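Working notes for the structure below.
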Amino acid sequence: MAAKLRKGDKVVVLTGKDKGKEGEITAVMPKDNKAVVDGVNVAIRHTKQSPSSQGGRLAKAMPIDLSNLALVDKNGKATRVGFRMEGDKKVRYAKTTGEAI
């Protein structure tokens, strides 16, 4: 099955503690059905100091379930993603505007 959300897509969080926040997908894990979004679902990780790094408390974006994310269309609203054939290519499109992504 083709991926509805991909790395680099701008998304909005639909549910959870970060509801309404927007960010860009930095990584997608299709086997786990999760994605890492910049500035969303941030946890504090304590790291030990080493010769190469300072250490301390570092903020790290944790994976969030794909079902809790929606793509943001050109109008800035959440939209579902559909697929259609344009010529001989399969393309994703925003269901709200009908525009190819």
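Charges were assigned to the Cβ only: +1 to each Lys and Arg, -1 to each Asp and Glu. The resulting dipole of the chain about its Cα centre is roughly 180 debye. Rounded to the nearest whole Hz, the Karplus-based 3J(HN,Hα) values (6.51 cos²θ - 1.76 cosθ + 1.60, θ = phi - 60°) of region 58-66 follow the sequence 10, 7, 9, 6, 9, x, 10, 5, 4, with x at glycine and proline. Scalar couplings 3J(HN,Hα) for region 72-81, obtained by applying the Karplus form with A = 6.51, B = -1.76, C = 1.60 to θ = phi - 60°, are 9, 7, 5, 7, x, 10, 5, 9, 8, 10 Hz; x denotes Gly and Pro. Between residue 46 and residue 101, the FRET efficiency estimated from the beta carbon spacing at R0 = 35 angstrom works out to 0.35. When only Cα pairs below 8 angstrom with a gap of at least 6 residues are kept, the chain shows a relative contact order of 21 percent. Kindly write out, for region 91-97 in residue order, the coupling ³J(HN,Hα) from the Karplus curve 6.51 cos²θ - 1.76 cosθ + 1.60 (θ = phi - 60°), rounded to whole Hz, with x marking Gly and Pro. Ordered by residue, 3J(HN,Hα) equals 10, 8, 9, 7, 5, 6, 9 Hz. Any idea which of 63, 78, 44 is furthest toward the positive side of the dipole for region 16-94, if Lys and Arg beta-carbons carry +1 and Asp and Glu beta-carbons -1? After comparing all options, I get 44.
A short reminder: the numbers here are calculations on the coordinates, not readings from a lab. The structure displayed is predicted, hence computed values, not measured ones. Every residue, glycine among them, receives a Cβ derived from its backbone with ideal geometry; neighbour counts consider all protein chains shown.
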